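Please read through the structure below; I'll follow up with questions.
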Amino acid sequence: IPANLPNAADLFVAPFVRWIPVISDRVHGFSSGSVVGKSTGMSYTNVSMPLWGEAHLTGGLVGIIVAFAALGILLGLIRQPVLGAVAFRARPSSLLIDAPVAALLFVVLRGSLYEVLGYLIFAVVLGFVAWLIARSGISGVMPAGADFQNAQLRPRTVAFYLPQFHTIPQNDEWWGAGFTEWSNVAKATPLFDGHDHPRRVGELDEYDLTEVQVMHNQAALAYDADIDAFCFYFYWFGGTRLLEKPLDNYLERGPDFPFCISWANESWTRRWDGKDKESLIAQEYSSSTAIDVFDSFLPYLTDPRYLRVGGAAVIVVHRADHLPAGQNFGEIWKQRAKELGIGELHLIAAETNSGIDPRVLKFDAVSEFPPVGSNTLNAARLRPPKGLTPGFRGRLMSYPRLARSFMRRPESQFVRYRGVAPSWDNSARRHENATIYADASPYEYKKWLTHARAYESSERGSNGLVFVNAWNEWAEGAYLEPDVTNGRMYLEATKLTGGVSIPQPSQPLSGPVNVAWIRSLALAAAGSAIKMLRDTRRSFSIFSRW
């Protein structure tokens with residue numbers, strides 16, 4: 001390339017950025033066609049070259065490979081999987097499809113008819129090869145259920161368990177006499193066509209968790225669905241416990257089914273009715289909190305049914321990021337456990353905020369807690385549903401896109417257990433301000449759960465954990481228990497092998513664009529911007545420490 005013309009680096013970068021309005025002026029004229037034209041005396045119009053030609057001119061065969069691989073990765077990040085082999089789509093081998101498709105798109109824009117046909121054939125052939133690889137199970141991720149029966153490879157599945165299905169004096173005072181979680185569920189109304197509200201309970205009926213037989217029935221369903229343990233939320237506020245009776249009954253007369261506890265160390269406010277700053281009971285910390293709350297764990301930790309990983313008792317902290325800096329809860333608890341003969345602890349921070357690093361907390365791991373952290377454009381529903389009420393002011397998201405974003409998460413530098421949500425829709429609590437992950441189904445949930453189990457199996461074998469959010473969060477639409485709409489289908493989808501066939505859902509109906517949907521997209525965009533700022537700030541913080 002003559003010295004007075006754009007150099008090879010300029011020519012290679014230009015095709016990727018010339019479509020961006022803000023940057024296009026900076027690369028104006030940086031094209032292989034203009035270079036070849038000026039070098040040979042040919043007219044510019046006769047040598048306008050497709051992307052592969054520019055890549056070859058600037059980098060030869062390696063340039064073509066790099067260009068198509070880069071485009072394939074970009075395309076793979078934004079498109080939905082079509083093979084149904086979820087584990088396959090999470091691996092670099094997916095470039096077998098994405099690279100030629102990306103090339104085809106650019107050739108269509110800039111190439112000739114025979115080039116289009118040639119690349120189309122190429123894409124079809126490689127797509128068929130990729131399909132065969134996915135079917136044969138050699139894509140690098142364990143196929144669904146292939147080795148889960150092997151005790152050395154099967155991870156355990158743990159479902160979070162909400163105890164707020166019985167009356168307590170505090171809730172009577174704050175929310176009205178007789179309040180339980182069922183009170184919220186009954187008030188929900190549909191916000192668009194096909195919106196399943198109010199949710200109607202299935203065979204367990206609207207139970208009262210002070211009746212121990214209810215928990216025996218729940219454990220029987222969970223066991224049959226290959227769930228290995230319940231994780232009970234544990235409410236402790238400066239020595240005051242709330243909603244403790246179900247867990248205490250479980251300890252004394254409950255089923256022979258493993259369990260653990262998650263300290264829900266978050267202040268209760270009136271956020272359900274929009275008054276987030278009005279505190280009902282605050283979670284405060286003192287110099288003795290670490291020892292005091294751990295001592296309240298003791299009766300459960302010594303139970304033979306308590307969940308352990310590698311012999312260490314599992315304790316989850318729901319908001320580990322709220323623990324006061326400098327008090328070293330992790331170290332204090334582990335030392336206290338040894339002193340009292342509990343043995344080793346396995347401390348897990350629920351990923352209820354982005355950027356939680358268990359090593360800083362002296363914890364052993366984090367657990368994903370979907371859909372927390374996903375209210376961004378990456379999981380937004382890109383088409384409005386039919387009949388969306390104009391008064392909707394919340395976030396309308398896409399469950400399939402949520403699942404895909406979690407399946408594509410890269411590995412971390414610490415132990416991060418995979419998490420799955422069967423659905424999410426807190427309309428029962430937040431009404432028109434709700435966050436709704438639409439288009440959830442047992443079919444999509446099973447794909448996500450299968451991927452999570454395969455990952456944990458390959459990474460940690462029988463010490464792997466998959467957390468399901470949740471067993472019975474009815475007011476948040478996140479539950480596995482049978483309901484009138486789906487029956488036992490979510491439980492069937494949770495089984496490792498066997499069970500009934502899970503049908504693929506029909507294509508969701510879309511409606512006209514309206515203000516409510518645009519507002520939802522704007523909220524998702526704001527969520528993306530906030531997450532980007534947080535990630536940038538965290539990256540600079542890590543860089544400054546280095």
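Report yes if some residue within the stretch 214-228 is under 25 Å from GLY178 (Cβ atoms) and aliphatic (A, V, I, L, M); otherwise report no.
Yes; the residues of the stretch 214-228 include at least one that is under 25 Å from GLY178 (Cβ atoms) and aliphatic (A, V, I, L, M).
Considering only the stretch 453-473, I want to know if a residue exists there that is of a type in the set (Lys, Arg), within 25 Å of LEU307 (Cα to Cα) and crowded, with 21+ Cβ neighbours inside 10 Å.
Looking only at the stretch 453-473, we keep the residues that are of a type in the set (Lys, Arg), and these are 453, 460.
Next, only the ones that are within 25 Å of LEU307 (Cα to Cα) stay: 453, 460.
Applying the additional criterion that residues be crowded, with 21+ Cβ neighbours inside 10 Å yields 453.
Yes, the stretch 453-473 contains at least one residue that is of a type in the set (Lys, Arg), within 25 Å of LEU307 (Cα to Cα) and crowded, with 21+ Cβ neighbours inside 10 Å.
Yes/no per residue for (1) touching a helix residue (DSSP H, G or I) at 6+ places or on another chain (Cβ under 7 Å); (2) more than 20 Å from TRP236 (Cβ to Cβ); (3) at pLDDT below 95; (4) surrounded by 19 or more Cβ atoms within 10 Å (Cβ to Cβ):
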| site | (1), (2), (3), (4) |
| --- | --- |
| LEU298 | no, no, no, no |
| ARG305 | no, yes, no, no |
| VAL309 | yes, yes, no, yes |
| VAL317 | no, no, no, yes |
| GLN327 | yes, no, yes, no |
| GLU331 | no, no, no, no |
| GLN335 | no, no, no, no |
| LEU345 | yes, no, no, yes |
| SER354 | yes, yes, yes, no |
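Conditions (1) farther than 25 Å from TRP448 by Cα; (2) modelled with pLDDT of 90 or more; (3) acidic (Asp, Glu), marked per residue:
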residue	(1), (2), (3)
THR494	no, yes, no
GLY499	no, no, no
PRO512	yes, yes, no
ILE518	yes, yes, no
LEU523	yes, yes, no
ALA529	yes, no, no
LEU533	yes, no, no
SER541	yes, no, no
SER544	yes, no, no
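Go through the stretch 386-409 and report how many residues are in contact (Cβ under 8 Å) with a residue 60 or more places away in the chain and open to solvent by 10 Å² or more (accessible area, probe 1.4 Å).
Adding up the residues that qualify gives 13.
Do you know which of the residues in the stretch 418-441 that are buried (at least 24 other Cβ atoms within 10 Å of the Cβ) and not hydrophobic (A, V, I, L, M, F, W, C) is nearest to the chain's Cα centre (by Cα)?
Looking at the filtered set, the residue picked out is GLY419.
So which residues in the stretch 52-72 are modelled with pLDDT under 75 and of a type in the set (S, T, N, Q), if there are any at all?
Correct list: empty.
Follow-up. For the stretch 156-201, name all the residues that are open to solvent by 30 Å² or more (accessible area, probe 1.4 Å) and among the charged types (D, E, K, R).
Once the filter is applied, which keeps residues that are open to solvent by 30 Å² or more (accessible area, probe 1.4 Å) and among the charged types (D, E, K, R), the stretch 156-201 yields ARG156, ASP172, GLU173, LYS187, ASP193, ASP196, ARG199, ARG200.
Are any of the residues in the stretch 482-497 open to solvent by 10 Å² or more (accessible area, probe 1.4 Å) and of a type in the set (Phe, Trp, Tyr)?
Yes, there is a match, as at least one residue in the stretch 482-497 is open to solvent by 10 Å² or more (accessible area, probe 1.4 Å) and of a type in the set (Phe, Trp, Tyr).
Further question on the same structure: Six or more apart or on different chains, Cβ atoms under 9 Å: show the pairs whose first residue is in the stretch 411-424 and closer than 22 Å to PRO400 by Cβ and of a type in the set (S, T, N, Q) and whose second is assigned to a loop (DSSP other than H, G, I, E, B) and at pLDDT 95 or above.
SER423/ALA440; SER423/SER441; SER423/GLY477
Shifting gears a bit: Is it the case that ASP292 is out of contact with any Ser or Thr (no Cβ under 7 Å at 6 or more places or on another chain), in a loop (DSSP other than H, G, I, E, B) and not basic (Lys, Arg)?
no
With the structure loaded, tell me whether GLY33 is in a loop (DSSP other than H, G, I, E, B) and either under 40 Å from the mean Cα position of the chain (by Cα) or at pLDDT 65 or above (or both) or whether it fails that test. Lay out the reasoning, then the answer.
Details: in a loop (DSSP other than H, G, I, E, B): no; either under 40 Å from the mean Cα position of the chain (by Cα) or at pLDDT 65 or above (or both): yes.
In short, no.
The values are calculated or read from the model by the stated rules, or taken from the named source; none is laboratory data. Since we're looking at a predicted model, the values are computed, not measured. Backbone-built Cβ (ideal geometry, glycine too); neighbour counts: all protein chains shown. The area values use the complete protein model at the heavy-atom level, side chains included, leaving out ligands, DNA and RNA. Shrake-Rupley method; radii C 1.70, N 1.55, O 1.52, S 1.80 Å.
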